[in-house]
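A short worksheet on the structure shown next.
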Amino acid sequence: LSSIDIDPSDPQHLLIAFSNYGIESVWESTNGGASWSSIQGDLPDFPVRWAIFHPLHGEQAFLATEMGVWSTAQIDASSRSATAWVPDNEGLANVRCDMIRYRVSDFTFVVATHGRGLYTATLQVDTMTTLVADQSHESFLPVWPNPATDFVHIPTSFSSNRLIHLAFRNVEGRYLSKEKLQVSPGEILRMPVPAAAIPGIYLITLDDGQEVSTQKLLVN
């Protein structure tokens, strides 16, 4: 067993990798490890040394492998061969990669290679563009005041009633608050800063099922 990762949005959703030849290398659990399904898909037969979920989309994943970084836009455990993996090595040779990590504070992926140093890739903060294909659209979320102490206002521009998910998390990905809201057209939301939020940088995310909008917030 070479790595274990937990979906930042669902602690029951787990991802593990094995580093060897001739085995099922990548497995998923949706019930906290009570049962596991192979998501090997069309991944070639090589060691997988590290596996992580996409930090904003638990249905996507990245792998550090014997032949560079590979990714999937849709984890599919319906059958062993269902998940489609693609090499994600632009700017990075097909070399052994030992670890891949994500830093929420500045939206940076870091890949550690064997003998060729570190490589980085950055998600664009203004558009939150993903590194792999994604059907949802992501955008900048305006909030005020920023910095904030007690609460923030979040404007919306929906033309009809909309069910949304609103989340407040720290730069390590831990959620301090999550709620589901029914929002009216043009409504301005008032979101309290969680009592557990010490001074520092946090992320506010609004997801309406079609668009995911995110903003950094400085808490005084």
Can you find even one residue in the stretch 59-68 that is modelled with pLDDT under 90, of a type in the set (D, E, K, R) and farther than 27 Å from GLN210 by Cβ? no
Under the condition of being of a type in the set (D, E, K, R) and closer than 15 Å to GLU66 by Cα, which residue from the stretch 93-129 is modelled with the lowest pLDDT? ARG116
Looking at the stretch 8-21, which of its residues are at pLDDT 90 or above and within 22 Å of SER78 (Cβ to Cβ)? GLN12, HIS13, LEU14, LEU15, ILE16, ALA17, PHE18
If you take the residues of the stretch 1-28 that are among the hydroxyl-bearing types (Ser, Thr, Tyr) and crowded, with 18+ Cβ neighbours inside 10 Å, which of them is farthest from the chain's Cα centre (by Cα)? SER19
Close pairs from the stretch 22-41: first more than 11 Å from ASP76 (Cα to Cα), partner part of a loop (DSSP other than H, G, I, E, B) and β-branched (Val, Ile, Thr), Cβ under 7 Å, at least 6 apart: VAL26/ILE39
Would you mind finding the one in GLU90, GLU179, GLU172 that is among the acidic types (Asp, Glu), modelled with pLDDT under 85 and not assigned by TED's automatic domain parsing to the domain that holds ALA61? GLU172
Subset of the stretch 96-122 (residues that are more than 18 Å from the chain's Cα centre (by Cα) and either surrounded by 18 or more Cβ atoms within 10 Å (Cβ to Cβ) or touching a residue at least 40 places away in the same chain (Cβ under 8 Å) (or both)): ARG96, CYS97, ASP98, ALA112, THR113, TYR119
Restrict the check to the stretch 190-203 and report whether at least one residue is at pLDDT below 90, of a type in the set (A, V, I, L, M, F, W, C), surrounded by 10 or more Cβ atoms within 10 Å (Cβ to Cβ) and not in a strand (DSSP E or B). no
HIS165 vs. criteria modelled with pLDDT of 95 or more and either part of a strand (DSSP E or B) or not assigned by TED's automatic domain parsing to the domain that holds HIS54 (or both): no
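Examine the stretch 50-61 for a residue that is surrounded by 14 or more Cβ atoms within 10 Å (Cβ to Cβ), more than 20 Å from the chain's Cα centre (by Cα) and not charged (D, E, K, R), and state whether such a residue exists.
Let us first name the residues in the stretch 50-61 that are surrounded by 14 or more Cβ atoms within 10 Å (Cβ to Cβ), namely 50-61.
Checking which are more than 20 Å from the chain's Cα centre (by Cα) leaves us with none.
No: the stretch 50-61 contains no residue that is surrounded by 14 or more Cβ atoms within 10 Å (Cβ to Cβ), more than 20 Å from the chain's Cα centre (by Cα) and not charged (D, E, K, R).
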Among the residues of the stretch 73-87, the number that are at pLDDT below 90 and crowded, with 19+ Cβ neighbours inside 10 Å is 1
Inside the stretch 4-56, the number of residues satisfying the requirement of being of a type in the set (Ser, Thr, Tyr) and out of contact with any Asp or Glu (no Cβ under 9 Å at 6 or more places or on another chain) is 3
Qualifying position, being outside any loop (DSSP other than H, G, I, E, B) and touching a strand residue (DSSP E or B) at 6+ places or on another chain (Cβ under 7 Å), among LEU43, LEU63, LEU92: LEU63
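The values are calculated or read from the model by the stated rules, or taken from the named source; none is laboratory data. Bear in mind that the values here come from a model prediction, so they are computed numbers and not experimental data. We place every Cβ from the backbone using ideal geometry, glycine too, and count neighbours over all the protein chains shown.
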